[in-house]
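Written out below as structure tokens is the structure these notes cover.
Throughout, read-outs are computed from the coordinates displayed, never taken from laboratory work. These numbers come from a predicted model, not from an experiment. Cβ: placed from backbone, ideal geometry, glycine included. Neighbour counts: every protein chain shown.
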Amino acid sequence: MMEDQSTSNRAQPGPLPIGEASAGLQLSATALAAIVEKKATCPFVGTAVATSELPVRNEATNPLASIEDVRMLGNTGGGDLGNLLVLFATGNHAFMRGPTGRLDQPVPNGLFSLELPGSQGSHPGHSGILQGDPETLDSGRLSQTDFARLASRAQGGLLKRSDIGRFIAENLHRDPKAKVFGLRIAGLLARDLGHFVVSVGPDLLTKLGRSDEGGDAAHRDLEQKLTKVLGEDNLVGSSGEFGLMFAFLANKPGAKEVDGEPAVSLEDLRSMFIDKRFPNGWKSWRKTRLDWVINATSLMVSAGKEYLALQRKEEQA
């Protein structure tokens with residue numbers, strides 16, 4: 001859930017990096033594990049931190065990471081997915097803990113916060129696998145039960161894309177706080193959510209996928225407003241998050257399909273969500289923004305259809 005931050009504050013860059021904030025930390029295994037479990041509750045970012053591919057900076061209790069480090073990791077294999085990861089990092093994680101203990105202090109330039117629960121990018125209707133209350137800092141924890149809900153949909157060790165879309169819809173339906181495209185247009189969506197999902201939503205995701213990095217304040221404000229939409233519209237946000245996983249694995253050698261759809265290996269998901277290990281050879285294949293747009297859009301279509309079906313079933317019960 002988004003912190004109470006004004007648009008003008010979000011558009012302002014942080015101070016220049018200082019040595020203490022920009023230098024990588026030498027952490028004990030216990031301190032590193034606590035950051036991964038409680039704060040870095042993203043399968044990609046958490047795994048990168050756990051394997052020291054993404055060095056932790058600033059302080060263990062207020063951890064930051066380098067924008068360029070995450071860009072470089074996402075662009076391994078010659079792709080450009082890292083440029084999209086930068087957009088999420090700067091849009092959703094531009095604030096660190098301030099004197100109040102809340103995420104209300106701009107991060108230094110070139111860095112982003114590893115405090116994911118409680119940030120703008122944390123939202124209701126999430127999977128529940130890696131975090132609890134999305135509004136509470138340090139609420140990360142591993143839920144084997146929620147991972148089992150996802151794993152139960154696998155066929156022959158593979159999860160096809162539409163099944164993950166249905167998992168997204170189930171998560172939204174289970175959470176009374178989840179918002180699907182906002183209350184302002186709820187009446188319209190009750191009649192025409194299907195049209196919205198296949199038209200407006202993909203257009204938004206395409207704009208995000210094409211968005212280029214920039215250094216000026218106006219561009220930073222645009223990026224943050226776009227990523228704010230993903231945080232406020234929980235179906236779109238969840239589809240974007242799982243779309244990153246599909247984009248990360250899309251070009252893995254031996255990638256398979258199920259019923260004509262892209263599928264991800266349950267072993268790869270378990271490796272990153274639970275064991276905090278990247279698949280073997282992960283740096284060798286391309287990871288692209290285009291794959292994110294394609295997969296996030298398709299996930300949103302399947303999740304939107306299933307969400308409508310679940311809503312109708314509940315109304316008829």
Mind giving me the nanometre distance, one decimal, between the label points for GLN155 and GLU59, set 7 Å out from Cα along Cα→Cβ? 5.2
Amide hydrogen neighbours beyond the local backbone of GLN105, cut-off 5 Å, H modeled: MET96, GLY98
Too long for a 26 Å Cα-Cα cut-off, among LYS38/LYS160; LYS179/LYS283; LYS160/LYS313; LYS39/LYS160; LYS283/LYS305; LYS38/LYS256, are LYS38/LYS160; LYS179/LYS283; LYS39/LYS160; LYS283/LYS305; LYS38/LYS256
Please give the Cα centre distance for region 246-279 versus region 35-106, rounded to the nearest Å. 22
